[in-house]
Amino acid sequence: MMYQLPTQDITYQEHPVQYSYTPSTGIEEIDIRIMWDSVLSNWIKKRLNIPFYHNLICFINTDLSSILSDLETKSETLRIEEPMIHRSQKTISEEEIAIEMLRHDFIVKMPPKKRYKIQVHVKSLRKGEPRLIESNEFLVTE
Amino acid sequence: MKEYPWYKVVGGKELFQGDIISSCPLILPPPMIKDEIKVDVIEYDVIVMSQSCDLIQKKLSLVLVCPIWELSEFENKNPSYKDPKMKEGLRRGHLPGYHLLNKCEIEKFETDYLVVDFRSVYSVPFDFLTELSRKRNKRLRLLPPYREHLSQAFARFFMRVGLPIDIPPFK
C-alpha cells in the first residue's frame, strides 16, 4: 500500500508536478515529504487560480493586495474559524509554514491526564480465538 | 455555516465514531502475567475512531480510540506550537499524526481547539466503553462531515509505508 500523494490530482502542462517521493524510505522522511507534498499541492492549486494575464501585472503599477486578496489557498480545514491569524495580519504562506515545521520537532508526546496503579487478580489465561462476523446489509442513519 | 455544526451533545450508551469520552481509563499490561499483578492505568480524554456502522451493529469487541488534547495543553507541552505558523500547519493538515478539530461553543460543553493524536491508538473493550459512556451521561459527538474528515486523516496517517532499504536515486 502506498501513500496517495495529494499532488497527483494536479495536471498542468506548464508546471508539471515533480516530487522526489520514493516508496522506499524511512517514516520520518515520509512525514517530511508529506508535509512538503501538501504544501506544494496547495501552492500549485493557488497558482492555477491566477489568471493568464497575471504575468502582465508586474508591468502595471497597481496595488496587488486588492487584486490578489481572493487567492487564499483552499484547504479542507479552511472553515475552522481562525483566531490564530488576525485579520489585520498577512496570511501565513505555505512556504513559511513548511520552513517553520522543518525547523521544529513537531512530534508531541503528551502525558496521560492521570496515572495510577491497580491490583489485578488474573482469573484465567487463554489463547484468543478469531471472532467471526457475518456481513449483512445495514444502513446507518442519525 | 450554522447548518453544519461541528458538534452536538448526546447521551446514552450508543457509540458513534467521533464520540468524545472524557477521562477514559486504559490499562497497560505488565510484561509478565501472574495470578496477582499490579497494572498501570492511564486516563486520557479520547475520541472514538472505529466506524459507526461497526459500532451500531456490535461487530467489534474492541473499540479504537485516540487521545485528544486542548490546543493550549499541546502548546504548553511543545512550545513550537505557540508559533502561529506551526498552528497553521496543523490547521491545514500538513502534520501527519495530528488532526485539529474546531472549538466547541455549546453551553456547558465549551472546549478549546482539540488536537487528535493518531500516534497513540488504544483499543477499549466495547462493553466497557458503552457502560462508561452511559455513566458519563452527556458527551460531545463530532458530526459529519467533520468526523469523516477525521477518519480520512487517520487513514492517511496509518497507510504510510517506510521501507528499510531505499532504491538508489538515478543520476
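A Förster radius of 22 Å, combined with the Cβ-Cβ distance separating B:Ile27 from A:Lys113, puts the computed FRET efficiency at roughly 0.90. If you take the alpha carbon atoms of segment B:89-159 and fit the smallest convex hull around them, that volume is 110 Å³ per residue. Between B:Cys24 and B:Tyr44, B:Asp45, B:Val46, the built amide H atoms are under 5 Å apart, and every one of these is 5 or more places off in sequence or on another chain. Of the trypsin sites (Lys or Arg not before Pro) found in segment B:61-125, those in coil by DSSP whose Cβ has at most 10 other Cβ atoms within 10 Å are B:Lys108. Qualifying GluC sites (Glu not before Pro) in segment B:1-58, where qualification requires a DSSP coil assignment and no more than 10 other C-beta atoms within 10 Å, comprise B:Glu3. Placing a pseudo-label 7 Å from each Cα along the Cα-to-Cβ vector at A:Arg103 and B:Met159 gives an inter-label distance of 3.3 nm. Of all segments of chain B bounded by chymotrypsin sites (Phe, Trp or Tyr not before Pro) found in a DSSP loop with no more than 14 other C-beta atoms within 10 Å, the longest spans B:1-108. Placing unit charges on the Cβ atoms only, positive for Lys and Arg and negative for Asp and Glu, gives chain B a dipole magnitude near 380 debye about its Cα centre.
The numbers here are math on the coordinates, done by the rules we state, and not lab data. Predicted model only: the values in this text are computed from it and were never measured. Positions of Cβ are generated from backbone atoms using ideal geometry, with glycine treated the same way; all protein chains shown enter the neighbour counts.
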